[in-house]
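*Asks:* Below: one structure in C-alpha cells.
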Amino acid sequence: MASPKAIQTFQSLGADRQKRFLLFVQSPYFNTREKLWQLTDYIRHRTEEEEDWDATGASIFIFGDAQQQKPLTNLLSDLNRLLEQFLSTEALLDHEDLRETALARGMTALSAPRVTQAYLRRKQRLGVQDPLSLHHLNRLADQFHFQQTRQHSNEDLLESQKQLTLFYLTRQLKTWCELLNRRHVLDLPFDPEQLNLFRQILESASDLIDTHATSGMYRAIFIWLSNQESDAWYDRLQADLLDMLAATDADEIREVCAYLQNYFVRRINEGKKRFLQELYNLFQYMLAHDLVLEGQTISQWTYKNIVTVGLRLQYFDTTESFIHEWYSRLPEQDRDNAYYYNLAALHYESRQYDKARKLLQRVHFTDPVYYLDSHCILLKIYWEEGEDEAIRSLHETVRIYLLRQRSLNKQQIQLYRQLFRFTLRLFRLRYTSAHLSATEQQRIYRKIRTDLDLQEEVANRGWLQDQWKLTGGFLKITPSDNEPTEEVE
C-alpha cells in the first residue's frame, strides 16, 4: 500500500528539516491537537527505522483501536496542511525579499502610526533593493501619509507602481531565459509571437531595467540566449560584472552565475581561451561568497570544473590547495572519487604521468563523466608518450562505450567522439606518416585544421589546436592560406 501524501512529504524533508517540523507541530501557535503530536511521533520512529507505513499500527498507537481508520485519514489531512504551512514558513525564513514583503503587508493592517513611521524610516535608511518589497513599502508609505499627514501626493503610489512593473519584468525576463535555454538544450518549442511581444515590452522599459542590477543581468543573459553567436552583450557587461553580481538579489545570484558559467564554457569549447580567465574569476567570486555550496556541501561537478579551469590556466599551486581544502566539503558518497580524479588531472597537467595513472586506477566509473574524462587524461598521456597501440585501443574502447551509453545526450556524445577522432587523426599524421611526401603531409595537416574549425562540438578544443600546431612544428610544416584538399585517411 502506498504511503499517504503527508508521510511521503515528511520523509522527503531530510533529517534536519524533520526535526524542525517536529518543533513546529509542538508549537501551540501552530497546533494544539495532541493527537497530531502523537501521529508525527509515530511517523518519525517508523521513518528512522525505515519501516513502511502501517495504518493499523498508527490507529492503535493514536486511538487505541485498529478500527479508527476514518479519524486517522482526517488526522493525516490535517498533518498535510501543517506540512504545507511549515514549508511556506521555512521559505519565508530563507528568503529576505519574501519576509520584507510579508512584513510590509502586515504593517499595512497595523493601527500604530509611530511604529509604521519608524519602520519606514528604518527601511529607507537600510536601502531595500527588492522590487516587490519596495512596491509594498511604497504602498504603505502612501497609505501612511494620506492617513496621518496633510502632505498628500502621488509620489509614493507612483513609485510603488514602478517597482511592481520592475518586479514583473524581472520575472518575465527570468522565465524567457529559461524558455530560450530549454529550446537550445532540449529543443522544446514555444510561441514565437509571445517572444516578439515581450521584446517590444522590454524595449520600451529599457531605462527602468537599467535601475536594477538583477533585471540588468537577466536582460544581458536574455540577449545572449537570443543570439548565442554574439559576444557583444558580454563585452558591454564585462567591466562591471563583479559589481553587478554583488548587487544581484541573493535568491537569484546562483542562477545568474549558472548562466554565466554556461556561456563561458561554450566559448571555451569553441577555442576562445580568454574566457578561461573569465570563468576562473567567476569561480573565485563564487568561492569567496559560498555560492558554490549546495546546503553545506560542494557538488562533485562544481569541484571538478573549478579544478579543470585552474589547471588549464596552469595555476597549479592554488588548484592543488583547493583540491585538498575543499575535499571535506564534498558529499561523502562522492568524496574519494572526485578527489582521486582531480588529483590525477593535476598530476597529468604537471607532467607526472605515472602518478596520474595510479590515481586513475582508484577512480570508480560510477558515472559516464568520470569514465570519459579519465579516458581523456589517458588519451593525452598516450599522445605525449607516443603510444601507438595504446591510443588506438583507447579510441576503439571509447567509441564502443559511446555507442552503448544511453544516459548521455547527443551533444555530450559528439563532444567526446570528436575529441578522440581528431586526436587519432593527428596522431597518425605525427607518428605514422613518414612514408608520405611533404606535400601530402601538408595537405592532411591543413585538412585536419579545416575540419576542426568546422566542427562545433569538440571537447578540449584548445588542447587539440595546441597539438595541431605542435604537430606542424614536428613535421616542419608551415601552414599556408591555400584551400586544403581532401585528406587521404
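The values are calculated or read from the model by the stated rules, or taken from the named source; none is laboratory data. From a predicted model like this one, the values you see are computed outputs, not experimental measurements. For neighbour counting, all protein chains shown are included, and Cβ atoms are generated from backbone atoms with ideal geometry for every residue, glycine included.
*Asks:* So which residues in region 426-455 are aliphatic (A, V, I, L, M) and either at positive phi or not in a helix (DSSP H, G or I) (or both), if there are any at all?
*Replies:* Within region 426-455, Ala434, Leu436 meet the criteria.
*Asks:* Quick check on region 67-81. Is at least one of its residues exposed (fewer than 13 other Cβ atoms within 10 Å of the Cβ), among the basic types (Lys, Arg), in the same structural domain as Arg17 (by TED's automatic domain parsing) and under 17 Å from Thr9 (Cβ atoms)?
*Replies:* yes
*Asks:* I've got another one for you. Please work out which residue is nearest to Asp94 (Cα to Cα), limiting yourself to region 2-53 and to residues that are in contact with a helix residue (DSSP H, G or I) (Cβ under 6 Å, 6 or more places away or on another chain) and basic (Lys, Arg).
*Replies:* Lys5
*Asks:* For region 260-267, check the following and say yes or no: at least one residue is of a type in the set (Ser, Thr, Tyr), surrounded by 19 or more Cβ atoms within 10 Å (Cβ to Cβ) and not in a helix (DSSP H, G or I).
*Replies:* no
*Asks:* Taking interchain pairs and intrachain pairs at least six residues apart, which have beta carbon atoms under 9 angstrom, with the first residue in region 245-270 and over 13 Å from Met217 (Cα atoms) and the second small (Gly, Ala, Ser)?
*Replies:* Close Cβ pairs (under 9 Å, with a partner that is small (Gly, Ala, Ser)) amount to Ile268/Gly462; Asn269/Ala459; Asn269/Gly462.
*Asks:* If you don't mind, there's one more thing I want to ask. Contact list please: Cβ distance under 9 Å, first residue in region 38-66 and more than 18 Å from Gln11 (Cα to Cα), second residue of a type in the set (S, T, N, Q) and surrounded by 19 or more Cβ atoms within 10 Å (Cβ to Cβ), pairs at least six apart or on different chains.
*Replies:* So the pair list comes out as Asp65/Ser59; Ala66/Ser59.
*Asks:* Right, here's the next one. I'm told Asp451 meets every condition in (1) under 24 Å from His184 (Cα atoms); (2) at pLDDT 90 or above; (3) under 28 Å from the mean Cα position of the chain (by Cα) except one. Can you identify the failing condition by its number?
*Replies:* Just one mismatch for Asp451, condition (3).
*Asks:* Under 9 Å between Cβ atoms, which residue pairs at least 6 apart in sequence (or on different chains) link something in region 378-399 that is more than 17 Å from Tyr353 (Cα to Cα) and touching a residue at least 12 places away in the same chain (Cβ under 8 Å) with a partner that is surrounded by 13 or more Cβ atoms within 10 Å (Cβ to Cβ) and among the β-branched types (Val, Ile, Thr)?
*Replies:* His395/Thr423
*Asks:* For region 27-41, give me the residue count where each residue is part of a helix (DSSP H, G or I) and surrounded by 17 or more Cβ atoms within 10 Å (Cβ to Cβ). I'd like the intermediate steps shown before the answer.
*Replies:* Restricting attention to region 27-41, the residues satisfying the condition of being part of a helix (DSSP H, G or I) are 34-41.
Remaining after also requiring surrounded by 17 or more Cβ atoms within 10 Å (Cβ to Cβ): 36, 39-40.
Adding up the residues that qualify gives 3.
*Asks:* Restricting to region 198-246, name every residue that is within 20 Å of the chain's Cα centre (by Cα) and β-branched (Val, Ile, Thr).
*Replies:* Of everything in region 198-246, those that are within 20 Å of the chain's Cα centre (by Cα) and β-branched (Val, Ile, Thr) turn out to be Thr214, Ile221, Ile223.
*Asks:* What pairs come up if the first residue lies in region 299-320 and is farther than 23 Å from Pro331 by Cα, the second is of a type outside the set (Lys, Arg) and surrounded by fewer than 18 Cβ atoms within 10 Å (Cβ to Cβ), and their beta carbons are under 8 Å apart, counting only those six or more places apart or on different chains?
*Replies:* Taking only residues 6 or more apart or on different chains, the pairs are Arg312/Gly462; Leu313/Gln277; Phe316/Ser350.
*Asks:* Taking region 55-80 as the search range and keeping residues that are of a type in the set (D, E, K, R) and part of a helix (DSSP H, G or I), which one is nearest to the chain's Cα centre (by Cα)?
*Replies:* Top of the filtered list is Asp78.
*Asks:* At least 3 residues that are among the hydrophobic types (A, V, I, L, M, F, W, C) and surrounded by 15 or more Cβ atoms within 10 Å (Cβ to Cβ) in each: list the helices (runs of 4 or more DSSP H) lying fully within region 276-378 that qualify.
*Replies:* Counting at least 3 such residues, we get 300-312, 335-349, 353-360.
*Asks:* For region 301-318, name all the residues that are closer than 30 Å to Asp16 by Cβ and either among the basic types (Lys, Arg) or in contact with a Phe, Trp or Tyr (Cβ under 9 Å, 6 or more places away or on another chain) (or both).
*Replies:* Thr302, Tyr303, Lys304, Asn305, Ile306, Val307
*Asks:* To continue, here is another question. Within region 379-410, count every residue that is among the acidic types (Asp, Glu) and either surrounded by 20 or more Cβ atoms within 10 Å (Cβ to Cβ) or assigned to a loop (DSSP other than H, G, I, E, B) (or both).
*Replies:* The total comes to 1.
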